[in-house]
Amino acid sequence: MLHQDFNAPVTGLKAFKKADRPGSLNITFQSYHIMIAIGMLLIGLTSLAAYLHWKNKLFTNKKLMLVFVWAVLLPQIANQAGWFTAETGRQPWVVYNLLRTSDALSQSVKAEQVMFSLILFTLVYLLLFTLFIYLLNKKNNPWSRA
Amino acid sequence: MGIEYSTWWFLIIGATFTGYAILDGFDLGAGAIHLLLKKEESRRIALNAIGPVWDGNEVWLVIGGGALFAGFPKVYAAVFSAFYIPFMLFLVALIVRAISIEFRSKEPMRWWRRMWDVCYSISSIVIALALGVVLGNVLLGLAIDGQGNYQAVPSIF
């Protein structure tokens with residue numbers, strides 16, 4: 001699959017020097033397969049829903065509706081897992097065979113500054129997520145005045 | 001043509017940043033005086049004034065930054081690495097400005113609207129302040145070594 005030809009040989013991991021391999025292959029493996037598993041699960045769910053809708057039995061199926069509510073989280077998780085795969089799998093290169101990650105960092109940005117921005121963005125995203133859930137809940141609550 | 005390629009880029013980047021200063025300066029100014037407008041109607045009018053255009057005006061900054069990245073990558077690298085914290089604060093302020101315009105009228109409570117008005121105003125000021133810090137320090141001269149690494153700690157003064 002890698003070379004667009006089922007018979008072409010794929011270079012094994014051992015062929016690369018230790019320093020050229022990504023740091024933790026387990027993370028890459030697990031996150032990739034999580035992403036694919038969620039993808040297949042969502043395809044299955046959608047097919048089931050399409051079939052039930054054809055039979056006009058979709059919207060009365062309470063258990064399936066509950067599954068759908070929670071299934072909204074799955075694409076987010078799959079998306080993140082995909083990015084984990086890409087970013088952990090590309091190590092130690094930023095540009096393959098040309099630039100290593102250890103050579104690519106800016107010397108004038110200190111570690112504390114990066115940590116600060118990381119925490120800052122986490123807080124911003126938490127705030128936005130809370131607001132999102134709060135507003136969405138108010139809009140869809142049958143007892144609210146909105 | 002008689003003008004060099006790099007000179008063209010320099011002029012384009014200058015024009016884009018100037019355009020941004022004029023266009024988003026208008027939006028940021030409307031935001032900065034927001035708390036000084038006491039009547040809800042005046043605030044609504046001020047928000048409607050920037051209403052259809054503020055998103056597009058921000059794009060000029062993105063174009064300028066992109067052009068800087070493409071045309072003068074060493075300048076881009078030196079400036080953005082040196083002013084990492086101001087740029088992060090600037091990004092958060094951009095986000096807060098956008099959401100406070102959006103969320104302001106979503107709930108009927110008075111404390112809700114007041115909170116987002118304050119957020120809107122403060123974030124507009126922070127955006128202008130952060131960009132001013134970066135530009136001011138660049139104009140004063142950035143102390144960089146051979147590789148373009150900033151030597152001192154940036155301060156507001």
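Taking the convex hull of the alpha carbon atoms in the stretch A:19-146, what volume per residue do you get, in Å³? Provide the component values of the computation, followed by the final result.
Details: hull volume 20.8 nm³, N = 128.
It is 163 Å³ per residue.
Built from the Cα atoms of the stretch A:46-102, the convex hull projects on average onto 5.5 nm², one quarter of its surface area. Solvent-accessible area lost on pairing A with B (1.4 Å probe, both sides summed) amounts to about 1700 Å².
In chain B, excluding the sites themselves, the longest stretch lacking any of the trypsin sites (Lys or Arg not before Pro) that are in a DSSP loop with at most 16 other Cβ atoms within 10 Å is B:40-105.
So, with a 1.4 angstrom probe, what is the percent of accessible area on chain B that is carbon and sulfur? Please report the intermediate quantities before stating the final value.
Values: 6600 of 9110 Å².
C and S fraction of accessible area: 72 percent.
Between amide H atoms placed 1.01 Å from N, distances below 5 Å from A:Arg100 occur with A:Val94, all of them 5 or more places distant or on a separate chain. For the pair A:Gln80 and A:Gln107, a Förster radius of 45 Å applied to the C-beta separation gives a FRET efficiency near 0.90, rounded to the nearest 0.05.
Determine the per residue accessible area of the protein assembly as shown with all protein chains present and a 1.4 angstrom probe, expressed in square angstrom. It would help to have the intermediate numbers written out before the result.
On the way: 21090 Å² over 303 residues.
I get 70 Å² per residue for the protein assembly as shown.
Of the DSSP H helices in chain B, those that are both long (alpha-carbon extent of 24 Å or more along the helix axis) and hydrophobic (Kyte-Doolittle mean at least -0.5) are B:5-32, B:54-71, B:84-103, B:110-140.
Apply the Kirkwood formula to the protein assembly as shown: the hydrodynamic radius equals the inverse of the mean of 1/r over all pairs of different alpha-carbon atoms; give it in Å with one decimal. It works out to 24.2 Å.
The values are calculated or read from the model by the stated rules, or taken from the named source; none is laboratory data. Not measured: the values here are computed from a predicted model. FYI the Cβ positions are ideal-geometry reconstructions off the backbone, even for glycines, and counts take in every protein chain you see. Keep in mind that these areas ignore ligands, DNA and RNA; they rest on the heavy atoms of the full protein, side chains included. Shrake-Rupley method; radii C 1.70, N 1.55, O 1.52, S 1.80 Å.
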